[in-house]
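Report on the following structure.
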Amino acid sequence: MNKNTFDWNHARVFLTVAKKGSLTAAAEALNLSQSTLSRQMNTLETQLGLTLFERMGRGIQITDAGYQLIHHIEVMQEAAMQVSLSAKGHSESLYGSVTIAVSELDAAFRLPPILQRIREQAPELQLNIEVSNAITNLKARDADIALRNKRPEQTDLIARKIGVESIDLFGTPEYISKLEFNGYKNVQIIGFDKQEKVIEILQQGNWSVGLENFQVTTNFQWLHVLLAQQGNSLIILPTDIGKRLGLKAIRRTANPLLELPVWLVSHRELRTNPRVRFVFDLLVDGLNEDFT
């Protein structure tokens, strides 16, 4: 193949054909006539000296050579995207938006002072805060940066360990005194939807509890806090946040209920986009104050 005659546009059209599984579907997706698309595929095969697919009725069957080409095209496409992201990031400097995904408690107790610093140092930056206890899909660009308690399994995400977060049971001092006086009988704990896992963790922490000890369950953690402040139930909280709320920790062993790693995660644009890098670095600095 003469490398000077290779047409990148034809290669991208072939990738669409492979993904759609037929020339007709690919032509519709690309807004091309089927004759034009067929002509481009014939030209690509001639340039490469390869048969990339066989026609099978209304569909196609990709050849081994075709599958190898798909891999190379995807690598080239990813490289082109990174070049575009890099150029876009550098040209815009810190002007634009960055989306940060955090849990309810992190949003309320850990993010405000960090956001203040970001706004002071980069007033031109638009910050979008996605608050959810679910894991955000960074690869789909649902967020640029996320705070998580688990290292991502995807190797193309960038993760930085911030520290370790301890988790304890908390309640008002009055309610805890009452429990201690009654020998921890009839303890009430605000639960989450995965009760079996919560019960298992508590039992490992020397708590004798079952479903009867969870009359109220909710995944909305702010409601946990408000119910605990009423003085008739315990809640599970990060140790530092529980203390900030003026609640008292209660342990049946020498150790906290859980110790979880804290990871700050971003997609690969972290390396090329100054806005994302700027926010990521300030988050690292601010969060280190909470976990050191």
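Which condition does Lys19 not pass, out of (1) assigned to a loop (DSSP other than H, G, I, E, B); (2) within 39 Å of the chain's Cα centre (by Cα), if it passes all the others?
Among (1) assigned to a loop (DSSP other than H, G, I, E, B); (2) within 39 Å of the chain's Cα centre (by Cα), Lys19 violates only (1).
Here are Ala146, Ala159: which of them is assigned by TED's automatic domain parsing to the domain that holds Asp285 and touching a Ser or Thr at 6+ places or on another chain (Cβ under 6 Å)?
Working: Ala159 fails: touching a Ser or Thr at 6+ places or on another chain (Cβ under 6 Å).
Checking each option against the conditions leaves just Ala146.
To keep it simple, each residue is scored yes or no on (1) part of a loop (DSSP other than H, G, I, E, B); (2) touching a residue at least 24 places away in the same chain (Cβ under 8 Å); (3) under 27 Å from the mean Cα position of the chain (by Cα).
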{"residue": "Leu169", "(1), (2), (3)": "no, yes, yes"}
{"residue": "Ile176", "(1), (2), (3)": "no, yes, no"}
{"residue": "Asn206", "(1), (2), (3)": "yes, yes, no"}
{"residue": "Gln215", "(1), (2), (3)": "yes, yes, no"}
{"residue": "Ala228", "(1), (2), (3)": "no, yes, no"}
{"residue": "Asn232", "(1), (2), (3)": "yes, yes, no"}
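Examine the stretch 89-101 for a residue that is at pLDDT below 85, under 17 Å from Pro274 (Cβ atoms), more than 26 Å from the chain's Cα centre (by Cα) and of a type outside the set (Asp, Glu), and state whether such a residue exists.
yes
Filter the stretch 202-236 for residues that are surrounded by 15 or more Cβ atoms within 10 Å (Cβ to Cβ) and over 21 Å from Leu179 (Cα atoms) and give the result.
Gln221
Please enumerate the residues belonging to the stretch 28-54 that are in contact (Cβ under 8 Å) with a residue 24 or more places away in the chain and touching a helix residue (DSSP H, G or I) at 6+ places or on another chain (Cβ under 8 Å). Lay out the reasoning, then the answer.
Just the residues of the stretch 28-54 that are in contact (Cβ under 8 Å) with a residue 24 or more places away in the chain, to begin with: 37, 40-41, 43-44, 47-49, 52-53.
Matches in the stretch 28-54: Leu37, Gln40, Met41, Thr43, Leu44, Gln47, Leu48, Leu52, Phe53.
Test Arg252 against the stated conditions and say whether it is outside any strand (DSSP E or B) and closer than 30 Å to Asp144 by Cβ.
The answer is no for Arg252.
Exactly one of these conditions fails for Pro173: (1) over 26 Å from Gly205 (Cα atoms); (2) not assigned by TED's automatic domain parsing to the domain that holds Arg277. Give me its number.
Only one criterion in (1) over 26 Å from Gly205 (Cα atoms); (2) not assigned by TED's automatic domain parsing to the domain that holds Arg277 is unmet by Pro173, namely (1).
Listed here are the residues, each with its yes/no results for (1) aliphatic (A, V, I, L, M); (2) closer than 15 Å to Arg110 by Cβ; (3) crowded, with 17+ Cβ neighbours inside 10 Å; (4) outside the structural domain of Ile129 (by TED's automatic domain parsing).
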{"site": "Pro238", "(1), (2), (3), (4)": "no, yes, yes, yes"}
{"site": "Arg244", "(1), (2), (3), (4)": "no, yes, no, yes"}
{"site": "Leu247", "(1), (2), (3), (4)": "yes, no, yes, yes"}
{"site": "Leu264", "(1), (2), (3), (4)": "yes, yes, yes, no"}
{"site": "Glu269", "(1), (2), (3), (4)": "no, no, yes, no"}
{"site": "Val279", "(1), (2), (3), (4)": "yes, yes, yes, no"}
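Among the residues of the stretch 184-203, is there at least one that is without any contact (Cβ under 8 Å) to a residue 40 or more places away in the chain, of a type in the set (A, V, I, L, M, F, W, C), in contact with a Leu (Cβ under 8 Å, 6 or more places away or on another chain) and not in a loop (DSSP other than H, G, I, E, B)?
Yes, the stretch 184-203 contains at least one residue that is without any contact (Cβ under 8 Å) to a residue 40 or more places away in the chain, of a type in the set (A, V, I, L, M, F, W, C), in contact with a Leu (Cβ under 8 Å, 6 or more places away or on another chain) and not in a loop (DSSP other than H, G, I, E, B).
Scan the stretch 151-167 for residues that are part of a loop (DSSP other than H, G, I, E, B) and either hydroxyl-bearing (Ser, Thr, Tyr) or closer than 12 Å to Leu264 by Cβ (or both) and jot them down.
Just the residues of the stretch 151-167 that are part of a loop (DSSP other than H, G, I, E, B), to begin with: 151-157.
Matches in the stretch 151-167: Arg151, Pro152, Thr155, Leu157.
Tell me which residues, restricted to the stretch 167-201, are among the small types (Gly, Ala, Ser) and surrounded by fewer than 16 Cβ atoms within 10 Å (Cβ to Cβ).
Of the residues in the stretch 167-201, the ones among the small types (Gly, Ala, Ser) are 171, 177, 183, 191.
Ser177, Gly183 - these are the residues of the stretch 167-201 that are among the small types (Gly, Ala, Ser) and surrounded by fewer than 16 Cβ atoms within 10 Å (Cβ to Cβ).
The values are calculated or read from the model by the stated rules, or taken from the named source; none is laboratory data. Here the structure is a predicted model, which means the values were calculated and not measured. So basically every Cβ, Gly included, is an ideal-geometry build from the backbone, and we count neighbours across all protein chains shown.
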